[in-house]
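Step one of this worksheet: look at the structure below.
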Amino acid sequence: MTEKRPSGLFPTKLVAIAAVAGIVAGAAAVYVKQTMSGNAVETADAAQCEGSVARAEAITPYLKGDVAAMIPVSEPKLIDGLTFQDKAGSAMTMANFADKTVLINLWATWCVPCREEMPALNNLQEAAGGEAFQVLAINIDTGDVEKPQTFLEETGVDALGLYRDASMGVFNQLKREGLAFGLPVTLLVDGKGCLLGSMNGPAVWDGADAKALVTAAATGS
């Protein structure tokens, strides 16, 4: 049996990195907002994501400490069209997680901060995962499944499952939408698939701040 390890993160260092990432992400988000053209997608997002901005505002007080770098959404934004696979290779989309608040995290074995925060994400799933909330960690290593699978086994990450996109299409889509600037990147999405907040950079996901945030997002309180 693989012995589980604590998250092994260095909170002060990671929070500092995440804070810088948050500043960069915020600046980039302003740029993207100013250069968008057309309103067909915006109209669709507004129709399906009515109330998501108010919900994001409601959880803003929880964006502090370890998760202070998460940026709450300021306009309705539907996280749609993401395609990836489960461990068996079956196609999946966000529709498979409908009615759940989901913390989407993109990671790769070659990304050192990603490797460091995976045990913490695993701990968060064990503590808070259930019918109302799930951590959805999507690996974007190219190649076969062996490398990410071996990493998860060696680190005792057994609560997350293995979801993959070897084409990196998920990352590239989020990059085009101004949400991903590097790895790791994390999105908090409500049960309708509407964005509540996004973060570029690592965080201490098994700490009290993260647990309070996802509880508030999942329960609305």
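The values are calculated or read from the model by the stated rules, or taken from the named source; none is laboratory data. From a predicted model like this one, the values you see are computed outputs, not experimental measurements. A quick note on method: Cβ atoms are made from the backbone with ideal geometry, for glycine too, and the neighbour counts reach across all protein chains shown. The protein model used for the area step is the full one, side chains on, heavy atoms only, and it has no ligands, DNA or RNA in it. Shrake-Rupley method; radii C 1.70, N 1.55, O 1.52, S 1.80 Å.
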### Task
For residue 14, indicate whether it is surrounded by 15 or more Cβ atoms within 10 Å (Cβ to Cβ), modelled with pLDDT of 95 or more and within 18 Å of residue 212 (Cβ to Cβ).
no
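Conditions tested, residue by residue: (1) at negative phi; (2) modelled with pLDDT of 50 or more; (3) surrounded by 12 or more Cβ atoms within 10 Å (Cβ to Cβ); (4) not β-branched (Val, Ile, Thr).
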residue: 21; (1), (2), (3), (4): yes, no, yes, yes
residue: 31; (1), (2), (3), (4): yes, no, no, yes
residue: 44; (1), (2), (3), (4): yes, yes, yes, yes
residue: 47; (1), (2), (3), (4): yes, yes, no, yes
residue: 74; (1), (2), (3), (4): yes, yes, yes, yes
residue: 77; (1), (2), (3), (4): yes, yes, yes, yes
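Open to solvent by 10 Å² or more (accessible area, probe 1.4 Å), assigned to a helix (DSSP H, G or I) and within 22 Å of residue 72 (Cα to Cα): which single residue out of 125, 149 fits that description?
125
Considering only residues that are assigned to a loop (DSSP other than H, G, I, E, B) and at pLDDT below 95, look in the stretch 193-221 and name the one that is surrounded by the fewest Cβ atoms within 10 Å (Cβ to Cβ).
In the first step, residues of the stretch 193-221 are kept if they are assigned to a loop (DSSP other than H, G, I, E, B); the result is 193, 201-207, 220-221.
With at pLDDT below 95 added as a condition, the list becomes 220-221.
Working: 220: 12, 221: 8.
Per the stated criteria, the residue is 221.
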### Message
From the list 95, 120, exactly one residue is part of a helix (DSSP H, G or I), open to solvent by 50 Å² or more (accessible area, probe 1.4 Å), over 21 Å from residue 145 (Cβ atoms) and not β-branched (Val, Ile, Thr). Which is it?
### Response
95
### Task
Could you list, in sequence order, all residues of the stretch 162-192 that are over 18 Å from residue 141 (Cα atoms) and either among the acidic types (Asp, Glu) or open to solvent by less than 30 Å² (accessible area, probe 1.4 Å) (or both)?
177, 178, 179, 187, 188, 189, 190, 191
